[in-house]
Amino acid sequence: MYIFQVAALLIALLYYGNAQTFTVAVNSTILGSELSADGLKQLAAAVASQSPVFQPSRGSYFSLNLLSAFPEDLEVSDYCVELLAIFGQRYSTYVNCLVSAARPVKVCQNCYGTYDNLMEIYTNISSDQMGPGNVSCRDSLLRSDRLMLVFLLYNNLKDIWTGSECNSCVSLGLHSLTNDTLYFMATLNQSLRCFEKFQQGNHSALCKECKTTYRGLNELYSRMEKNRTLCIDIEDSMNMTRRLWSKNFNCSFPRAENVPVIAVSSFMLFLPIIFYLSSFLHSEQKKRKLIQPKRAKSNTSLVNIQDRLS
Amino acid sequence: MANITKKVSWSSRGDESGGGERTPLLNGSEEVRYTRQLSGDGGMFHIGRLSTVDLEEDMTSDEDAGCPKEIPHNEKLLSLKYESLDYDNSENQLFLEEERRMSFLGFKCLEISRWVICGLIGFLTGLIACCIDIAVENLAGVKYFVVKQNIEKFTEVGGLSISLILWAVLNAAFVMVGAVIVAFFEPGAAGSGIPQIKCYLNGVKIPRVVRLKTLVVKVCGVICSVAGGLAVGKEGPMIHSGAVVAAGVSQGRSTSLKKDFKIFEYFRRDTEKRDFVSAGAAAGVSAAFGAPVGGVLFSLEEGASFWNQMLTWRIFFASMISTFTLNFFLSIYNKKPGDLSSPGLINFGRFESDSVAYNLYEIPLFIVMGAAGGLLGALFNILNYWLTIFRIRYVHRPCLQVMEAMLVAAVTATVSFAMIYFSNDCQPLGPDQSEDYPLQLFCADGEYNSMATAFFNTPERSVRSLFHNPPGSYNPLTLSLFTLTYFFLACWTYGLTVSAGVFIPSLLIGAAWGRLFGILLASITPDGSIWADPGKYALIGAAAQLGGIVRMTLSLTVIMVEATGNVTYGLPIMLVLLTAKIVGDYFVEGLYDIHIKLQSVPFLHLEAPATSHWLTAREVMSAPVTCFNRIEKVGTIVDVLSNTSTNHNGFPVVVPVAASDDMGKVCGLILRSQLIVLLKHKVFVELARSRLTQRKLQLKDFRDAYPRFPPIQSIHVSQDERECMMDLTEFMNPTPYTVPQETSLPRVFKLFRALGLRHLVVVDGENRVVGLVTRKDLARYHLGKHGLEEMQLAQT
């Protein structure tokens, strides 16, 4: 039940179209915690009933709807309405998937299928091929108003998809994860298993034992980074692993050589002092020979000043 | 004694600053002070308080006044080695003749060739800037790559002190190359070159400053010193390079390479050359900062006394061509040919988005920052002043200078390393990898050492990351430590015998404390994060610090505005620079002026010192004057020119009046260079009579000898020839400027500034020569803390 509420609210927010889809997942959880359950229900119900996606056929009868129907030729054809309904379903499926895969990030590996479906239906809508009854839904659904809601909704999700760079982890055609990704996951799991094994005892043992696998993982990651075959899933899992390694298990390098570094530094800093002292003491000071300028000797400036002062 | 340590103290302003114990000016005790100064023995206490220089003079000058005195170098000296440029055209008969012969078309061609030269200047300057940029980037890239590999290796297995030594040795090696070529081959290429160019535009001929050799040493030197990790920038040297390019191109030949292209011969004189040099300086600024208008204004600000609209337009053309050339070649280098969006050597990057907009209530904050910049700048200048004095006095041998530069390089590396090593400030790596050489060291995996972004990088990149890294990339402790160390490092570095500029270090210091200020501001205001964008404050801080150090006004404002590409910042930057200048000038002059003074250059400032109206030409001039007759014996001329004790360059030509009076009426002025050319070609009256076919001397012969006229010693004059006579009528300037004896100093000064004079003949009522005023006679007066003071001439 609660999940339904959240989803409905999500759709509501998307419907209003002002919030970026990207923030919706976050917003909804915050809102959900702030609003009372009742208020939430009311809001969701109101919006949901208005939404043509959910009740395409009953919309015109509903009391909240102030408009009566347009003449036949301006109405959206049934075929398009159907497409729209499918789009709505797939849309919510994908968003649900995204939300559940938000932390730790698994949006690529978990949701590529649903995204594929969504993309398919959108391609259907936006194609200029004529459907049954010689209608093209592209113009009637995508371009007939200022808001261009369907386009906007799809674009937001597309932005999420491109932003998370899932394309580099999912092989072309979106049917499966790439081999690189799978291999990385396998290596990652190896490291994590190692961590698990040694977690109980002393962390220094862990640092020693898991070092090779962890280093292998790190190198694999930097190789992938160079090839630009990283998606958000891999980046996030790597980040988590690194944090685990450095912060939780404290396996980073210790600052162990203070004494030699300080010694060398102070030796270096001492050199200029010696240099300046010795050049002060031993180098002969450069003197300048003064030249007597040729001046009219009758009235020197000094006499003049005194004349004028008195 | 009294003559030499003559110190004119005419004070009307010093009273407030003098403190309680100083006697007011116009009362009875004034006489006492002067007699004390004259006697020079009992007055030690009082004179010592006048200035430190006085004290030293008195201590060293115990011996008799007769023999030449030697004193330690100080700022109140004028060196004899500097001469004035001949900006004033000598309108002698040869000149008139040539002008008559020249057709209308000839003048048109001259005008066109001026434009061509300006285009060439811009092109070559841009090309040089491009070469410097690419070379520095690659060399520094290799260096940082090697050190980074090394550090990474030793972080794991231990032995980081070896990395430290490696870094220090690499730095020192680069800097050694740079310092050796400067110290042993061309000392004129040391420093940023801006003071020298400033002097040149002011009308002082600095020896060897616009030679090809200087250019080569300068370019190689700056590459070495920046790649060597010193706290320096490559922007100042660009201005010098541009000036040298201009001086070379406009002459159509190179005396160093002994190659004469036989073009642009008309421009072989100081007047034309200097116009082109100002264009070159502008092109240099423009290439360095991507600021063509700023470049033009820089030339205007520094060389403003001789200016006209057409010249401005040509200079602007040169600047534009220069920034375009740099842009174009860099775009090819960056494999984006045709993309003209990296206009300068230092690119501040774009400041956009709403967070960098500023509001009315921030203006007072900017002004406060300007004042802080002025204070810090003054501190920088004072420290550097003392250091430079020490260097001139004690570190004057080339090998010592090289050693010093290497030491500075090694210490810079050491300090940077220690800072990075002990820093605990770790920041997560960003997605777009703005750091070129992120060092992890002891940070957690996936994080980098934030101190390393500031130190383990070329200064330009550090400036850019301070401007543009998102809020939170630096913590306040890192920034304050960085500011502190970099301030002293930069101050220590400027004035070394390497060619390097001070612009970037100043910007870096300013950007660091500006960013710190922004961060603190954001933390003390409740909703601060909205408007207190640290990048914006970094920019303002950089402007304030730079303004506080160099004290440039209009041109710097425009340069900063152009370099950020954001006109909206015009007002805050102007306010900041204004405040910085006012506050800084209260304590000490700008860095360039200090260095000009320490070089003992006879520099003419914008105006004569205030309170100098009572000085007349009679007191200022040199007398007696060495004059020549219209028809003079060759022997006399040779003797006068060979006299090493009097190194005169201009000689009034006189018509003797009565036999009793030795001073004749002035009828012209002839220069040493002209006399030397005449002697070389043996233009003697007797020879002309005997050999009627002899070719007449033309203006071209004088131009061919320019600018390196042979010394008199190299010209052989036989005993017979000494008895010949020389007719100077044709060659002298028949209408030299003259002033009566009673002309006040400011009036004479204005003539010098406005006309670019080199010699000004002082005459009495009957047009008889009384004395001669030169640049050194004027430049020796300056307004000190205690009124008008007089500088001394010295052999350096």
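The values are calculated or read from the model by the stated rules, or taken from the named source; none is laboratory data. Predicted, not measured: the structure shown is a model, and the values here were computed from it. Quick reminder, even Gly has a Cβ in these numbers, built from the backbone with ideal geometry, and neighbours come from all protein chains shown. Heads up: the accessible areas ignore ligands, DNA and RNA and are worked out on the full protein's heavy atoms, side chains in. Shrake-Rupley method; radii C 1.70, N 1.55, O 1.52, S 1.80 Å.
Here are some notes:
- Residue within segment A:236-253 that is assigned to a loop (DSSP other than H, G, I, E, B), among the hydroxyl-bearing types (Ser, Thr, Tyr) and more than 7 Å from chain B (Cβ to nearest Cβ) present: no
- Test result for residue B:748, crowded, with 20+ Cβ neighbours inside 10 Å, within 14 Å of another protein chain (Cβ to nearest Cβ) and either out of contact with any helix residue (DSSP H, G or I) (no Cβ under 7 Å at 6 or more places or on another chain) or in contact (Cβ under 8 Å) with a residue 24 or more places away in the chain (or both): no
- Scope segment B:402-421; condition more than 8 Å from chain A (Cβ to nearest Cβ) and open to solvent by 40 Å² or more (accessible area, probe 1.4 Å); matching residues: B:406
- Residues being open to solvent by 50 Å² or more (accessible area, probe 1.4 Å), within 11 Å of another protein chain (Cβ to nearest Cβ) and in contact (Cβ under 8 Å) with a residue 40 or more places away in the chain - total across segment B:138-168: 1
- Among the residues listed as A:232, A:262, the single one being β-branched (Val, Ile, Thr), farther than 30 Å from residue B:404 by Cβ and open to solvent by 30 Å² or more (accessible area, probe 1.4 Å): A:232
- Boolean, residue A:140 is exposed (fewer than 14 other Cβ atoms within 10 Å of the Cβ) and among the hydroxyl-bearing types (Ser, Thr, Tyr): no
- Some residue of segment A:166-176 being β-branched (Val, Ile, Thr), in contact with a Cys (Cβ under 7 Å, 6 or more places away or on another chain), open to solvent by less than 30 Å² (accessible area, probe 1.4 Å) and assigned to a helix (DSSP H, G or I): no
- Taken as a whole, the condition of being open to solvent by less than 70 Å² (accessible area, probe 1.4 Å) and within 29 Å of residue B:317 (Cβ to Cβ) applies to residue B:135.
- Residue within segment B:243-258 that is assigned to a helix (DSSP H, G or I), small (Gly, Ala, Ser), modelled with pLDDT of 90 or more and under 22 Å from residue B:551 (Cβ atoms) present: yes
- Residues of segment B:621-670 that are of a type in the set (Gly, Ala, Ser), away from every other protein chain (no Cβ under 14 Å) and free of Cβ contacts under 8 Å to residues at least 60 places away in the same chain: B:658, B:659, B:660.
- No other residue among A:208, A:286 is basic (Lys, Arg) and in contact with a helix residue (DSSP H, G or I) (Cβ under 6 Å, 6 or more places away or on another chain) apart from A:286.
- Flag for residue B:204 being over 25 Å from residue B:559 (Cα atoms) and open to solvent by less than 10 Å² (accessible area, probe 1.4 Å): yes
- Test: residue B:700 is touching a residue at least 40 places away in the same chain (Cβ under 8 Å) and either open to solvent by 80 Å² or more (accessible area, probe 1.4 Å) or on the phi > 0 side of the Ramachandran plot (or both): yes
- Scan of segment B:391-402 for residues that are under 16 Å from residue B:597 (Cβ atoms) and in contact with a Ser or Thr (Cβ under 9 Å, 6 or more places away or on another chain), ordered by number: B:391, B:393
- The combined condition, being hydroxyl-bearing (Ser, Thr, Tyr) and under 27 Å from residue B:255 (Cα atoms), is fulfilled by residue B:642.
- Test: residue in segment B:548-562 that is open to solvent by 40 Å² or more (accessible area, probe 1.4 Å) and assigned to a helix (DSSP H, G or I): yes
- Every listed requirement among (1) assigned to a loop (DSSP other than H, G, I, E, B); (2) more than 8 Å from chain B (Cβ to nearest Cβ) is met by residue A:285 save one, (2).
- Candidate set from segment B:758-796 (those that are under 16 Å from residue B:605 (Cβ atoms) and within 10 Å of chain A (Cβ to nearest Cβ)); member that is most open to solvent (accessible area, probe 1.4 Å): B:776
- Restricting B:145, B:185 to those that are within 30 Å of residue B:496 (Cβ to Cβ), within 22 Å of the chain's Cα centre (by Cα) and not polar (S, T, N, Q) reduces the list to B:185.
- Given (1) touching a residue at least 40 places away in the same chain (Cβ under 8 Å); (2) open to solvent by 40 Å² or more (accessible area, probe 1.4 Å), index of the condition residue B:118 fails: (2)
- Considering only residues in segment B:169-192 that are touching a Gly at 6+ places or on another chain (Cβ under 6 Å) and either among the aromatic types (Phe, Trp, Tyr) or assigned to a loop (DSSP other than H, G, I, E, B) (or both), the one that is surrounded by the most Cβ atoms within 10 Å (Cβ to Cβ) turns out to be B:192.
- Selection count where residues are touching a Ser or Thr at 6+ places or on another chain (Cβ under 8 Å) and either open to solvent by 30 Å² or more (accessible area, probe 1.4 Å) or over 14 Å from residue B:590 (Cβ atoms) (or both), scope segment B:370-380: 2
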